[in-house]
Amino acid sequence: MTLGDVFDGAFRLLKANLRTIVLVTAVFVIPVDVAAAFLQRGVLGGNGILDVLRDPSLAPSTDPSAGQFIGVGVAGLVSLLVTPFVGGVLTRVVAASYLGEQLRPGAAIRATARWFWALLLGSVCVHLLELVGLVACLVGALVPMTFFVLTTPAIVVEEIGPIRGMSRSATLVRPRFWQTLGIAVLAGLMAGFLGSVLGTPFSVAAQLVGLRGGWPLLAFGTVLPALVTTPFVTIVSTLLYFDARIRQEGLDLQMTVANLHRGTGPAF
């Protein structure tokens, strides 16, 4: 697949599985983001930023409480724990759709649950390598990011552990490293742009109103982009995974032969 094919396929798969994808993402994302926004309602004393600029005395004279820091920190930690699993569930849904099947949200969550720790450990290892690359060189994080961008699809589709998943990803990416790097970077930039377009108006409105009463706007401005960008990035990586297997292993021919043996039509 070309760059255009990958992005077109991503939006087509998102549209074809919109209900399942949104439900899966919302179940895990909404509680975390709503809790994080609620815990920030005391920022600037809950007053709007324009009111504080006009009258600095409205801002609290003390730093945010330890409870606020702990609450936001816990919400962030939960998000880090949940995000890899959400990516795994979405990968399973998209992979099933790509192969001509349909998977309901509950079935996808149950099927992915036993791979929770593998997905979490794989994500932690990849992010640590990205951090090392970033410290070594400003753009150094792009190298491990590219080599291991297919780790989640490999773990979910092939049902393997985190280290084998990372090794599998690197093997599939190596012959087309630069093409994969370009698509991954563009997908990240597009997701960031969509996230800003969808979330910024609500976040700005919340700051203007004041987070004491505007924290629901802040939560909505975080949830809405996540419902779009998280599935989009996951779908792109899943399509890159299948494309790499088709190029290097003839996956399309394998699936066709398997379907012929079962007496069904081609899968592709």
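The values are calculated or read from the model by the stated rules, or taken from the named source; none is laboratory data. In this text the structure is predicted, and so the values were computed from the model without any measurement. Glycine gets a Cβ as well: all are built from the backbone with ideal geometry, and neighbour counts include every protein chain shown. Calculation scope for accessible area: heavy atoms of the full protein, side chains included, ligands and nucleic acids excluded. Shrake-Rupley method; radii C 1.70, N 1.55, O 1.52, S 1.80 Å.
Only one of the listed residues (VAL143, VAL93, VAL82) is of a type in the set (Val, Ile, Thr), more than 22 Å from VAL32 (Cβ to Cβ), in contact with a helix residue (DSSP H, G or I) (Cβ under 6 Å, 6 or more places away or on another chain) and assigned to a helix (DSSP H, G or I). That residue is VAL143. Has the stretch 252-268 got any residue that is among the aromatic types (Phe, Trp, Tyr), surrounded by fewer than 17 Cβ atoms within 10 Å (Cβ to Cβ) and at pLDDT below 90? Scanning the stretch 252-268, I find at least one residue that is among the aromatic types (Phe, Trp, Tyr), surrounded by fewer than 17 Cβ atoms within 10 Å (Cβ to Cβ) and at pLDDT below 90, so the answer is yes.
Within the stretch 98-115, being closer than 13 Å to VAL156 by Cα, in a loop (DSSP other than H, G, I, E, B) and open to solvent by 70 Å² or more (accessible area, probe 1.4 Å) holds for one residue alone: ARG114. Screening VAL156 with (1) part of a helix (DSSP H, G or I); (2) open to solvent by 50 Å² or more (accessible area, probe 1.4 Å) gives one miss only, at (2).
Which one is surrounded by the most Cβ atoms within 10 Å (Cβ to Cβ), of the residues in the stretch 133-145 that are at pLDDT 90 or above and of a type in the set (A, V, I, L, M, F, W, C)? My answer is MET145. Cβ-Cβ contacts under 7 Å between residues 6 or more apart (or on different chains), taken from a first residue in the stretch 20-39 that is charged (D, E, K, R) to a second residue that is modelled with pLDDT of 85 or more and buried (at least 17 other Cβ atoms within 10 Å of the Cβ), are listed as ASP33/ALA219; ASP33/THR222; ASP33/VAL223; ASP33/ALA226. Scanning the stretch 149-163 for residues that are closer than 12 Å to CYS125 by Cβ and either without any contact (Cβ under 8 Å) to a residue 24 or more places away in the chain or small (Gly, Ala, Ser) (or both) returns a single hit, GLY161.
Screening GLY199, GLY210, GLY182, GLY192 for residues that are open to solvent by less than 50 Å² (accessible area, probe 1.4 Å), in contact (Cβ under 8 Å) with a residue 40 or more places away in the chain and within 22 Å of ALA37 (Cβ to Cβ) leaves exactly one candidate, GLY210.
Going by what's in this entry, would MET166 be described as part of a helix (DSSP H, G or I) and open to solvent by less than 30 Å² (accessible area, probe 1.4 Å)? So MET166 fits the description; yes.
Checking each residue in the stretch 116-129 for being open to solvent by 40 Å² or more (accessible area, probe 1.4 Å) and either more than 14 Å from PRO162 (Cβ to Cβ) or of a type in the set (A, V, I, L, M, F, W, C) (or both) picks out PHE116, TRP117, LEU121, VAL124, CYS125, LEU128, LEU129. Selection within the stretch 213-251: residues that are open to solvent by less than 20 Å² (accessible area, probe 1.4 Å), of a type in the set (A, V, I, L, M, F, W, C) and under 19 Å from GLY9 (Cβ atoms). The member of this set that is nearest to the chain's Cα centre (by Cα) is PHE232.
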